[in-house]
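Asks: Take this structure first; my questions come after.
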Amino acid sequence: MKKNTRAAFIRHMLENEHTIEPTPEFSYKALIRSRQDYDEMYRRSIEDPEAFWAQMAAEHLDWFKLWDAVEEYDFTDERPYARYFRGGRLNASYNCLDRHLNGARRNKAALIWQGEPSEEVEVYTYQRLHREVCKAANMLKRLGVRRGDRVVLYLPMIPQLAIGMLACARIGAIHCVVFSGLSAEALKDRIDDSGATVVVTSNYGYRAGKILDLKGICDQALALCPQVKKCIVVRRIDKRTDMTVGRDLWWEDRMAAETSVCEPESMEATDPLFILYTSGSTAKPKGIVHGNGGYLLYAAVTSKYVFDLKESDVFWCTADVGWITGHSYLVYGALANGATSLMFEGVPTYPQPDRYWEVVEKFGVNVLYTAPTAIRSMMKEGEQWVNGHDIGSLRMLGSVGEPITSKAWLWYYSAIGQGRCPVADTWWQTESGGVMITTIPGAVDMKPGSAALPFFGVLPKVIGANGAEAATNEAGNLVVTRPWPGMALGVYRNDQAFKDVYFPTPGYYLTGDGAYRDEDGYFWITGRIDDVMNVSGHRIGTAEVESALVACLEVAEAAVVGYPHPVKGEGIYAYVTVREGAVIDDDLRARLVKSVRTTIGPIATPDVVHFARALPKTRSGKIMRRILRKIAARQTEDLCDVSTLSEPAVVDELIRDNERLIA
Ligand code: WT7
């Protein structure tokens, strides 16, 4: 049967099926081969978590010294916390590199890098990667970076990003990766908050055929960060670059002067490994802190079981290392397992919509981990882009970042997986360090659109409106009632935010997502319940966008909501009221959009700017976001009661304007 006929046939067969069993061929070879095996392992992990994680830690990591306590936590404390492997000592870069050098893995590809230009490929064996990391570690030390110091990495998807992270880990410095699509202002905020004195960037970057002036953006940020003493610049493109004498140094020059011998620091399991900023309901992103022991173990164990990782696999996690998925699966989890990790600099649809399949074919990718937004954008272009490539090497598919609709799920399963590859939807968060809810491939039946069952050691619950556990199929707040090793250590220098955001109710961790659990115990995630949007898998706080909008003098008030968008998942809809006398025109609209792009970055560009005379408010003056969300989503039949508004007529005006705005 031809591939596209087969895909259509599979879709047709499955359209009305609620559950899909993994194929016997897959299950037979899987690490966890049956539902019974999953259940048994899950039971052990919950009944005796200490024994379970101690065994996992001994099997999956090399320790310089064993721990004094496996798990310590208190979710009801004034300062809620969870700590794993206190007293244990290890080094993350040693676990990702050195220990693979004694046997056959020494010459195995650790990192395969595919640049955006297809002729640019680099292969780092474990031995080569180890040498580069040691040199980079020595370079950082020579520049004065010590254990506990913060280093900001503002880099595109190039090997030096992974090398820089592992070099920091090696000397006990705390890396703080800033996504290279973020603006100068966002970069400056993160440099300030983390207190970094060294920044690593590259002179340029590629993005869908365009050249990004990363060093230029970095210079704008550094002009406002006098505390930064050194800026190391990777020469990504041979092109004129302004270098500030005394501050800026070329990566290549400095690396050439270093030896490839560098002893790894012995770190406490509970020492911080990195800070990664993520958006919440406040205007300023929070620095999520992850540690050396629990985090690394959780990244390693989830990589292995969620992706059924095998020694010979090529594992491609398409996420940018600027986000947690890249940290946990492209870098730490994959390398801790001694796997081959593929790093791709480009985007799915450039130069053509078949770029992913060209890469899969070229490197014989076995495990693909990508996001629903990428799946939707390729689905939109049509199956012909897949059919020209031999992607038969794929055996397992993963999805992450937002709820995947059953339609996109089925397309992924049939057009890409050809009905052979299990699809694991994986629900988790920056704060969770690794996958929390998923379909363990080969063992657990799949339900398109459901993230399925908890990973080992994870005890999620849905809390209903009355504060008690929700009934079957009743929606509520998704919480986690006990800790897991990947749980964040805290919010950098802000214990209060950690408690306020994640533990407003003592006793459990609040995820910020809504969910329900069906009659088979499967979790269905319904999306964020706080003021956080999910735009193409990027987490953006409505408050961040609002604060960028009100920075324009003409703006009196701004309210931002997410609305359904066919490719991005959620689009950004901004309601804006202007001050007396301000002129509403295309120029103002353009300046508002620009302000958001320069404050946050292009990913936060509003899709709609809706100028309004007034916003719907309660009599006490609170903006009714629920109503704004409904208008933006065009679900105005069920607006409920608007009589409590101070000025109910505003709602009709907004609905009318919305229809005119998006005709
Ligand atoms: C938020 C976390 C950790 C992965 C990358 C995003 C949403 C993530 C799923 C999924 C439904 C999902 C949630 C979560 N989310 N994965 N499989 N199904 N929703 O990390 O930026 O920290 O965002 O992304 O809303 O809370 P993040």
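Asks: Among the numbered criteria (1) over 23 Å from E120 (Cβ atoms); (2) touching an Asp or Glu at 6+ places or on another chain (Cβ under 9 Å); (3) not in a helix (DSSP H, G or I), which one does H175 miss?
Replies: (2)
Asks: Could I ask something else about it? Would you pick out the residues in segment 426-446 that are assigned to a loop (DSSP other than H, G, I, E, B), within 13 Å of the ligand (Cβ to nearest atom) and either over 30 Å from A57 (Cβ atoms) or among the β-branched types (V, I, T) (or both)? Write out each step before concluding.
Replies: Taking segment 426-446 as the starting set, the residues that turn out to be assigned to a loop (DSSP other than H, G, I, E, B) are 428-429, 433-436, 439-445.
Now restrict to residues that are within 13 Å of the ligand (Cβ to nearest atom): 428-429, 433-436, 439.
Selection gives V435, T439.
Asks: Moving on. In segment 183-197, how many residues are surrounded by fewer than 24 Cβ atoms within 10 Å (Cβ to Cβ), in a loop (DSSP other than H, G, I, E, B) and touching a strand residue (DSSP E or B) at 6+ places or on another chain (Cβ under 8 Å)?
Replies: 2
Asks: On to the next question. Among the residues of segment 3-40, how many are part of a loop (DSSP other than H, G, I, E, B) and touching a residue at least 60 places away in the same chain (Cβ under 8 Å)?
Replies: Quick first cut of segment 3-40, residues part of a loop (DSSP other than H, G, I, E, B) only: 15-19, 21-23, 30-34.
Retained after the next criterion (residues that are touching a residue at least 60 places away in the same chain (Cβ under 8 Å)): 15, 18-19, 21-23, 30-34.
Of the residues in that region, 11 qualify.
Asks: Can you find even one residue in segment 603-622 that is without any contact (Cβ under 8 Å) to a residue 12 or more places away in the chain and of a type in the set (A, V, I, L, M, F, W, C)? Working first, answer last.
Replies: Looking only at segment 603-622, we keep the residues that are without any contact (Cβ under 8 Å) to a residue 12 or more places away in the chain, and these are 620, 622.
When the remaining residues are screened for being of a type in the set (A, V, I, L, M, F, W, C), the result is none.
No: segment 603-622 contains no residue that is without any contact (Cβ under 8 Å) to a residue 12 or more places away in the chain and of a type in the set (A, V, I, L, M, F, W, C).
Asks: Small (G, A, S) and either in contact with a Cys (Cβ under 7 Å, 6 or more places away or on another chain) or on the phi < 0 side of the Ramachandran plot (or both), is that true of G401? Explain how you work it out, then say what you get.
Replies: Details: small (G, A, S): yes; either in contact with a Cys (Cβ under 7 Å, 6 or more places away or on another chain) or on the phi < 0 side of the Ramachandran plot (or both): no.
Here the answer is no, as G401 does not meet what is asked.
Asks: Could I ask something else about it? Take the conditions among the polar types (S, T, N, Q) and within 13 Å of the ligand (Cβ to nearest atom) and apply them to S414. Does it pass? Walk me through how you get there before you give the answer.
Replies: Details: among the polar types (S, T, N, Q): yes; within 13 Å of the ligand (Cβ to nearest atom): no.
So S414 fails the test.
Asks: Which residues, taken from segment 262-271, are touching a strand residue (DSSP E or B) at 6+ places or on another chain (Cβ under 8 Å), open to solvent by 10 Å² or more (accessible area, probe 1.4 Å) and in a loop (DSSP other than H, G, I, E, B)?
Replies: Initial filter on segment 262-271 (touching a strand residue (DSSP E or B) at 6+ places or on another chain (Cβ under 8 Å)): 266-271.
When the remaining residues are screened for being open to solvent by 10 Å² or more (accessible area, probe 1.4 Å), the result is 266, 268, 270-271.
Result: S266, T270, D271.
Asks: When you check H565 against the structure, is it in contact (Cβ under 8 Å) with a residue 40 or more places away in the chain and surrounded by 21 or more Cβ atoms within 10 Å (Cβ to Cβ), yes or no?
Replies: Details: in contact (Cβ under 8 Å) with a residue 40 or more places away in the chain: yes; surrounded by 21 or more Cβ atoms within 10 Å (Cβ to Cβ): no.
No.
Asks: Further question: Of the numbered conditions (1) more than 16 Å from the ligand (Cβ to nearest atom); (2) crowded, with 20+ Cβ neighbours inside 10 Å, I324 satisfies every one except a single condition; which is it?
Replies: (1)
Asks: I'd like to verify a number: residues in segment 448-484 that are assigned to a loop (DSSP other than H, G, I, E, B) and within 13 Å of the ligand (Cβ to nearest atom), how many?
Replies: So the count comes out to 5.
Asks: What's the number of the condition L549 fails, among (1) more than 15 Å from S279 (Cα to Cα); (2) assigned to a helix (DSSP H, G or I); (3) touching a residue at least 60 places away in the same chain (Cβ under 8 Å)?
Replies: (3)
Asks: Under 7 Å between Cβ atoms, at least 6 apart or on separate chains: pull out the pairs that start in segment 504-516 with a residue that is under 12 Å from V480 (Cβ atoms) and without any contact (Cβ under 8 Å) to a residue 40 or more places away in the chain and end on any residue that is in a strand (DSSP E or B) and away from the ligand (no atom under 11 Å from the Cβ).
Replies: Final answer for the pair search is L510/N477; L510/V479.
Asks: Related question: State all residues of segment 381-425 that are assigned to a strand (DSSP E or B) and either open to solvent by 30 Å² or more (accessible area, probe 1.4 Å) or more than 18 Å from A30 (Cα to Cα) (or both); if no residue qualifies, say none.
Replies: S399, V400
Asks: Still on this structure: Identify all residues within segment 304-321 that are more than 24 Å from R207 (Cα to Cα), open to solvent by less than 10 Å² (accessible area, probe 1.4 Å) and either in a loop (DSSP other than H, G, I, E, B) or touching a Leu at 6+ places or on another chain (Cβ under 6 Å) (or both); write none if there are none.
Replies: Residues satisfying the conditions are F307, D308, D313.
Asks: Among G457, G442, which is buried (at least 24 other Cβ atoms within 10 Å of the Cβ) and on the phi > 0 side of the Ramachandran plot?
Replies: Values: G457 fails: buried (at least 24 other Cβ atoms within 10 Å of the Cβ).
Just one listed residue meets the conditions, G442.
Asks: Only residues that are open to solvent by less than 40 Å² (accessible area, probe 1.4 Å) and under 22 Å from M139 (Cα atoms): list them for segment 272-291, please.
Replies: First pass over segment 272-291, keeping only residues open to solvent by less than 40 Å² (accessible area, probe 1.4 Å): 273-280, 285-291.
Selection gives L273, F274, I275.
Each row is one residue, and each column tells you yes or no for (1) part of a strand (DSSP E or B); (2) open to solvent by less than 50 Å² (accessible area, probe 1.4 Å).
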| residue | (1), (2) |
| --- | --- |
| V199 | yes, yes |
| C218 | no, yes |
| A221 | no, yes |
| M243 | no, no |
| R254 | no, no |
| S260 | no, yes |
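Asks: Continuing with the same structure: In the set A136, A82, A110, which member is touching a residue at least 24 places away in the same chain (Cβ under 8 Å), in a strand (DSSP E or B) and either closer than 30 Å to G364 by Cβ or open to solvent by 30 Å² or more (accessible area, probe 1.4 Å) (or both)?
Replies: Working: A136 fails: in a strand (DSSP E or B); A82 fails: either closer than 30 Å to G364 by Cβ or open to solvent by 30 Å² or more (accessible area, probe 1.4 Å) (or both).
Residue meeting the stated conditions: A110.
Asks: With (1) touching a Pro at 6+ places or on another chain (Cβ under 7 Å); (2) open to solvent by 50 Å² or more (accessible area, probe 1.4 Å); (3) of a type in the set (V, I, T) as the list, and I572 as the residue in question, which single condition is left unmet?
Replies: With (1) touching a Pro at 6+ places or on another chain (Cβ under 7 Å); (2) open to solvent by 50 Å² or more (accessible area, probe 1.4 Å); (3) of a type in the set (V, I, T) applied to I572, the lone miss is (2).
Asks: So is E431 acidic (D, E) and surrounded by fewer than 24 Cβ atoms within 10 Å (Cβ to Cβ) or not?
Replies: No, not satisfied.
Asks: Checking I463 against (1) crowded, with 23+ Cβ neighbours inside 10 Å; (2) more than 17 Å from S45 (Cβ to Cβ): exactly one of these is not met. Which one?
Replies: (1)
Asks: Select from segment 502-530 the residues that are within 11 Å of the ligand (Cβ to nearest atom), open to solvent by 70 Å² or more (accessible area, probe 1.4 Å) and not polar (S, T, N, Q) and list them in ascending order.
Replies: Listed by number, the list holds a single entry, I529.
Asks: Restricting to segment 584-639, count the residues that are within 15 Å of L661 (Cβ to Cβ) and open to solvent by 20 Å² or more (accessible area, probe 1.4 Å).
Replies: 11
Asks: Run V359 past the list (1) closer than 26 Å to S45 by Cα; (2) part of a helix (DSSP H, G or I); (3) open to solvent by less than 10 Å² (accessible area, probe 1.4 Å) and report the number of the one that doesn't hold.
Replies: Evaluating V359 over (1) closer than 26 Å to S45 by Cα; (2) part of a helix (DSSP H, G or I); (3) open to solvent by less than 10 Å² (accessible area, probe 1.4 Å) leaves (1) as the failure.
Asks: When segment 327-343 is examined, which residues are found to be under 17 Å from Q114 (Cβ atoms) and within 15 Å of the ligand (Cβ to nearest atom)?
Replies: Of segment 327-343, the ones under 17 Å from Q114 (Cβ atoms) are 329-331, 334, 339-343.
Answer for segment 327-343, where residues must be under 17 Å from Q114 (Cβ atoms) and within 15 Å of the ligand (Cβ to nearest atom): Y329, L330, V331.
The values are calculated or read from the model by the stated rules, or taken from the named source; none is laboratory data. This structure is a prediction, so every number in the text was calculated from the model and none was measured. All Cβ positions, even for glycine, are placed from backbone atoms using ideal geometry, and neighbour counts span all protein chains on display. For the accessible areas, the whole protein counts, side chains as well, though only heavy atoms, and no ligand, DNA or RNA atoms are used. Shrake-Rupley method; radii C 1.70, N 1.55, O 1.52, S 1.80 Å.
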